[in-house]
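Right, one structure below, let's go through it.
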Amino acid sequence: MGIPSFSLEGKVAIVTGGKRGIGKAIALAFAEAGADVAICSRVIKDGELQATANEIQGLGRRSLAVQADITRKTDVDNLVQRVVDEFTVIDILVNNAGIYFVEPPLLDVPEGDWDKIINVNLKGHYLCSQAVGKRMVDRKAGNIINIASELAIKPISEAGVYCIAKAGVVMLTRVLAKELASYNIRVNAIAPGAARTKILEYLLSDPEALKQCEAQIPLGRIAEPGDIIGTALFLASEASSYITGHTILVDGGLVA
């Protein structure tokens, strides 16, 4: 038996929220591994989404940048159709798009904030998985990777709704894995810890708060986006062909 391959040569992937941070790191890594990659974002006016698509193309792969609000079924359906029109198939879906902000205690969370956090971080994963999953079922092949969070397992008081949404992502992963296994579709999740991304600007701009955060992490630092790509490549490739329904923590040992 040979060494398992991490190659994605000939594969087509969608990475939601792919214009920056963890999504961008995964999209570029997939391209380096041989995949053509479509990326989407709700906002494209800043030019970042197309810039990332251009980087993918610079690696010799095809890319497509699509504006899509993953909380809207019509946007998701349009995204999927555009990718199929461009690339014919979808082999890999990475549900990465998400939002995070400091919340009040759960009993004081406004209904609008609850809806926004749940819609982006959980409903969006479901809508994308539903739309892409149906295409995968037709082909009897596919791979879905959900980006959850360590906070799905280790809740904090200033992000209660986010924790609930990400816990939902973990269960969504398990249910989809069970329902889709007979169609040769694997579904797994990655649960990153705190990372140096725009979503945590408030923490990165406060040296004392950052120091306190890193002091709780056994490896002594928060993650870089690149720390996530090894796990993403493993789950996307045939190297993990007998793994489905699992959530892999990439958190520097914090939950441990």
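Coordinate-derived values only; no laboratory data. Just so we're clear, the structure is a prediction, and the values are computed from it rather than from any experiment. Ideal geometry is used to build each Cβ from the backbone, glycine not excepted, and the neighbour counts take in all protein chains shown.
Estimated from helical segments only, the mean residue ellipticity of the chain at 222 nm is -12500 deg cm²/dmol, where each DSSP H run of four or more residues counts as -39500 (n - 2.57). Evaluating 6.51 cos²θ - 1.76 cosθ + 1.60 at θ = phi - 60° for every residue in the range 210-224, the Karplus couplings come out as 5, 4, 5, 4, 5, 5, 7, 9, x, 7, x, 7, 7, 7, 9 Hz, glycine and proline recorded as x.
Other residues whose C-beta falls under 15 angstrom from the C-beta of ARG174 contribute a net charge of +2, scoring Lys and Arg +1 and Asp and Glu -1. Per-residue Karplus couplings for the range 47-60, computed as 6.51 cos²θ - 1.76 cosθ + 1.60 with θ equal to phi - 60°, are listed in order as x, 5, 4, 5, 4, 5, 4, 5, 5, 4, 5, x, 8, x Hz, Gly and Pro entered as x. Of the Cα atoms belonging to the range 107-191, the radius of gyration and Dmax stand at 14.1, 46 Å. Charge tally around VAL250: other residues with Cβ under 12 Å, Lys/Arg +1 each, Asp/Glu -1 each, net -4. Hull volume per residue, based on the alpha-carbon atoms of the chain and their convex hull, is 133 Å³. Say we join alpha carbon atoms closer than 10 Å with springs in a Gaussian network model of the chain; which of TYR162, TYR242, TYR126 then has the biggest fluctuation? Among TYR162, TYR242, TYR126, the largest GNM mean-square fluctuation belongs to TYR242.
Of all aspartates and glutamates in the structure, the ones whose alpha carbon falls short of 17 Å from that of LYS140, not counting any fewer than 8 places away in one chain, are ASP91, GLU179, GLU238.
Spatial offset of the range 60-128 relative to the range 166-194 amounts to 16 Å, using the alpha carbon center of each. Scattering from the C-alpha atoms of the range 69-157 alone, worked out with Debye: what is log10 I(q)/I(0) at q = 0.15, 0.20 1/Å? Log10 I(q)/I(0), no solvent term: -0.64, -0.95. Charge tally around GLY21: other residues with Cβ under 13 Å, Lys/Arg +1 each, Asp/Glu -1 each, net +1. For LYS45, the lysines whose Cα comes closer than 25 Å to its Cα, not counting residues fewer than 8 places off in the same chain, are LYS19, LYS24, LYS73, LYS116, LYS123, LYS198. Helix 21-32 and the longest principal axis of the Cα set of the chain meet at an angle near 30°. From largest to smallest, the equivalent ellipsoid semi-axes obtained for the range 174-256 from the alpha-carbon gyration tensor read 31, 12, 11 Å.
Take the convex hull of the alpha carbons in the range 1-65; its mean projected area over all directions comes to 4.4 nm².
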